[in-house]
Amino acid sequence: MKVTPTALPEVLILEPKVFGDERGFFMESWNARTFSEATGLDVQFVQDNHSRSAKNVLRGIHYQVVKPQGKLVRVASGAVFDVAVDLRKSSPNFGKWTGVELSAENKRQLWIPPGFGHAFLVTSDQADFLYKTTEYWMSEYDRSLRWSDPAVAIQWALKEATPQLAAKDAAAPLLAEAEVYE
């Protein structure tokens, strides 16, 4: 597995070894020992999630203020522009973001540690998005940050002026008003 830090060094791009021939391909999408050896991190996942979204759907920026979730994300079909935002007030990177294209074709994964918000924008006609979490989802602690906050200034790969959003994402607060981590 190849590991590449992003502009936010705790957020990591993971590229698994892929073995392919005329029949198709094989890759190991998760191996705790390989992950630990490659990243120096020991994580335990408790939940797997799968979402399917249409083109121009933007999900996020989501995070959990109590029992924050680490996430290992990937795309099984289609493509997305995946974003992590540092929401730790004590971090020198507070309010900064990094973005990576994840696709079925490039088979990249992204590790987003606890303390970061997460979002993705579907750039293909449809995308199947898979992610593992280190904590269970708890609705009472679920929070969103406004996707278009000018203080964060994410450069979304938008083809249209406005993405399709869930009501909670459209009404999410700006960073200055959001509940974040210390």
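The values are calculated or read from the model by the stated rules, or taken from the named source; none is laboratory data. These figures come from a predicted structure and were not determined experimentally. Glycine gets a Cβ as well: all are built from the backbone with ideal geometry, and neighbour counts include every protein chain shown.
Looking only at the stretch 157-167, decide whether some residue is modelled with pLDDT under 95 and touching a strand residue (DSSP E or B) at 6+ places or on another chain (Cβ under 8 Å). Yes, there is a match, as at least one residue in the stretch 157-167 is modelled with pLDDT under 95 and touching a strand residue (DSSP E or B) at 6+ places or on another chain (Cβ under 8 Å).
Selection of strands (runs of 3 or more DSSP E) fully inside the stretch 2-46 by the criterion of at least 1 residues being touching a helix residue (DSSP H, G or I) at 6+ places or on another chain (Cβ under 7 Å) and over 17 Å from Leu130 (Cα atoms) returns 2-5. If you go through the stretch 76-135 and keep only what is surrounded by fewer than 19 Cβ atoms within 10 Å (Cβ to Cβ), touching an Asp or Glu at 6+ places or on another chain (Cβ under 6 Å) and outside any loop (DSSP other than H, G, I, E, B), you end up with Ala76, Ser77. Does Phe81 fit the bill of being closer than 24 Å to Pro16 by Cβ, in contact with a Ser or Thr (Cβ under 6 Å, 6 or more places away or on another chain) and touching a residue at least 60 places away in the same chain (Cβ under 8 Å)? The answer is yes for Phe81.
Within the stretch 87-108, the set of residues being more than 16 Å from Ala119 (Cβ to Cβ) and of a type in the set (S, T, N, Q) comprises Ser90, Ser91, Asn93, Ser103, Asn106. Can you confirm whether Arg108 is farther than 24 Å from Ser77 by Cα and within 15 Å of the chain's Cα centre (by Cα)? Considered against the rule, which asks whether it is farther than 24 Å from Ser77 by Cα and within 15 Å of the chain's Cα centre (by Cα), Arg108 comes out as no. Looking across the stretch 138-182, the residues that are within 17 Å of the chain's Cα centre (by Cα), more than 22 Å from Leu102 (Cβ to Cβ) and not in a loop (DSSP other than H, G, I, E, B) come down to Asp142, Arg143.
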